[in-house]
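Take a look at the structure below.
The values are calculated or read from the model by the stated rules, or taken from the named source; none is laboratory data. Remember, predicted model here, so these are calculated numbers, not experimental data. Heads up, the Cβs are rebuilt from the backbone with ideal geometry, glycines too, and the neighbour counts pull from every protein chain shown.
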Amino acid sequence: MNEKNPWETLTVEEVYDNPWINITHRKVLNPAGQNGIYGKVHFKNIAVGALPLDENNYTWLVGQYRYTLNKYSWEIPEGGCIEGIEPLQAAKNELQEETGITAKKWTKVLDIHTSNSVTDEYGICYLAQELSFGNSSPEPCEELMVKKVQFKEAFEMVMNGEITDSLSIATIMKVKLMLFS
């Protein structure tokens, strides 16, 4: 496999920047040697997700209205990991903040690039087990609903298109293969 980059970047122009993303417009030579353009969305944080699973194969999903989609979305507990924090710690924080759940056992499930044709967004997802329950503390800007479902139901939600979030789909499918195949 040839891992040499066949693309040549001619210019990079910053189009937009905020605390979470940076967007650039690039003039390039594509692998065929022709002029082209490329837009790149750079995410400043790592995406992290946690799938909690208890001894009876129940999991917890978080529902919220996603502004970018203009629709409601069911997902595993997830969020962003800012620079300087370990991804596992960020996943633990998200799980506790969104659901009130903490876990003694953590297993890294996957690394993922969410949409690598337009963004370099990178994510890490974990399986959380040996659960304890407390109070959630979502961010003030979050209006969340949490529901407890059998893992089988979460898997069915992926299969019938009720769950469309890439981190959630990939994590649920991987856990299905790891534990229930």
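Test residue 88 against the criterion of being modelled with pLDDT of 95 or more, in the same structural domain as residue 124 (by TED's automatic domain parsing), surrounded by 13 or more Cβ atoms within 10 Å (Cβ to Cβ) and not in a strand (DSSP E or B), and give yes or no. It is true that residue 88 is modelled with pLDDT of 95 or more, in the same structural domain as residue 124 (by TED's automatic domain parsing), surrounded by 13 or more Cβ atoms within 10 Å (Cβ to Cβ) and not in a strand (DSSP E or B).
For segment 68-80, the criterion of a residue being assigned to a strand (DSSP E or B), farther than 30 Å from residue 130 by Cβ and without any contact (Cβ under 8 Å) to a residue 60 or more places away in the chain is satisfied by at least one position. Of all residue pairs spaced 6 or more apart or on separate chains, those with beta-carbon atoms under 9 Å, a first member in segment 154-177 that is free of Cβ contacts under 8 Å to residues at least 12 places away in the same chain and a second member that is part of a helix (DSSP H, G or I) and of a type outside the set (Ser, Thr, Tyr) are 169/158. Scan segment 102-145 for residues that are surrounded by 16 or more Cβ atoms within 10 Å (Cβ to Cβ), in contact (Cβ under 8 Å) with a residue 60 or more places away in the chain and either outside the structural domain of residue 171 (by TED's automatic domain parsing) or more than 17 Å from the chain's Cα centre (by Cα) (or both) and the total you get is 2. So how many residues does segment 118-142 have that are more than 27 Å from residue 21 (Cβ to Cβ) and hydrophobic (A, V, I, L, M, F, W, C)? Count: 4.
For residue 22, the criteria (1) touching a strand residue (DSSP E or B) at 6+ places or on another chain (Cβ under 9 Å); (2) surrounded by fewer than 11 Cβ atoms within 10 Å (Cβ to Cβ) hold in every case but one, which is (2).
Please give the strands (runs of 3 or more DSSP E) falling wholly within segment 1-50 in which 3 or more residues are within 20 Å of residue 167 (Cβ to Cβ). The qualifying strands (runs of 3 or more DSSP E) are 35-43.
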